[in-house]
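These notes are about the structure you will find just below.
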Amino acid sequence: MPPGLVRLGQEYCLTKSELNPTAEIQTDSPTWLIAVRAAEAKQATDIKVLDLTGITSFADYFVICTGSNSKQIQAISDEVGIQLKLQARELPNSLEGYNQSEWILADYGDLLVHIFSPKARDYYDLERLWRNGKHVEIPPE
């Protein structure tokens with residue numbers, strides 16, 4: 001039998017006594033700020049946060065940033081996903097455009113993270129499209 005193959009009835013089951021409670025993760029930071037810090041950690045440029053509360057029903061905040069090449073755009077997306085999972089226990093509802101890496105859209109429910117190439121950022125110009133949204137000041141670290 002190949003290693004790692006488990007036959008029915010041979011799998012290992014946890015009992016209640018073996019369950020370890022997970023530590024509660026307390027975060028005072030809003031999810032948009034966690035996403036911004038993660039993008040900053042991967043040298044994203046031109047980071048903007050739009051507050052769309054009351055303007056649209058599908059999201060409260062947009063985080064918009066730019067990566068210089070496809071590998072950096074993917075790295076920014078990966079870091080945002082990791083940090084939101086670790087710090088806020090948030091997983092994306094969907095992730096679009098990862099393989100093309102021109103515009104990655106990560107949907108976290110009330111937060112949408114847009115990671116653009118410079119060319120796509122200029123073309124789609126979300127800040128103009130959503131100009132009724134309030135620009136959120138990003139606090140210094």
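Here are some notes:
- Matching residues in the range 39-95 - criterion: being charged (D, E, K, R), closer than 25 Å to R131 by Cα and part of a loop (DSSP other than H, G, I, E, B): D60
- Residue list for the range 117-141, restricted to those being in a loop (DSSP other than H, G, I, E, B) and not basic (K, R): S117, D125, W130, N132, G133, V136, E137, I138, P139, P140, E141
- Residue match in the range 81-92 (condition: modelled with pLDDT of 95 or more, over 18 Å from A38 (Cβ atoms) and of a type in the set (S, T, N, Q)): no
- Neighbours by Cβ (under 8 Å, 6+ apart or cross-chain): first from the range 102-123, surrounded by 15 or more Cβ atoms within 10 Å (Cβ to Cβ); second among the basic types (K, R): E102/K119
- Selected residue (only one of Q100, Q74, Q87, Q83 is out of contact with any helix residue (DSSP H, G or I) (no Cβ under 9 Å at 6 or more places or on another chain) and not small (G, A, S)): Q74
- Some residue of the range 60-73 being more than 21 Å from V136 (Cα to Cα) and crowded, with 19+ Cβ neighbours inside 10 Å: yes
- Inspection of the range 116-132 identifies at least one residue that is among the hydroxyl-bearing types (S, T, Y), out of contact with any Leu (no Cβ under 6 Å at 6 or more places or on another chain) and over 22 Å from I55 (Cβ atoms).
The values are calculated or read from the model by the stated rules, or taken from the named source; none is laboratory data. Small disclaimer: the values here were computed from a predicted structure and weren't measured. For neighbour counting, all protein chains shown are included, and Cβ atoms are generated from backbone atoms with ideal geometry for every residue, glycine included.
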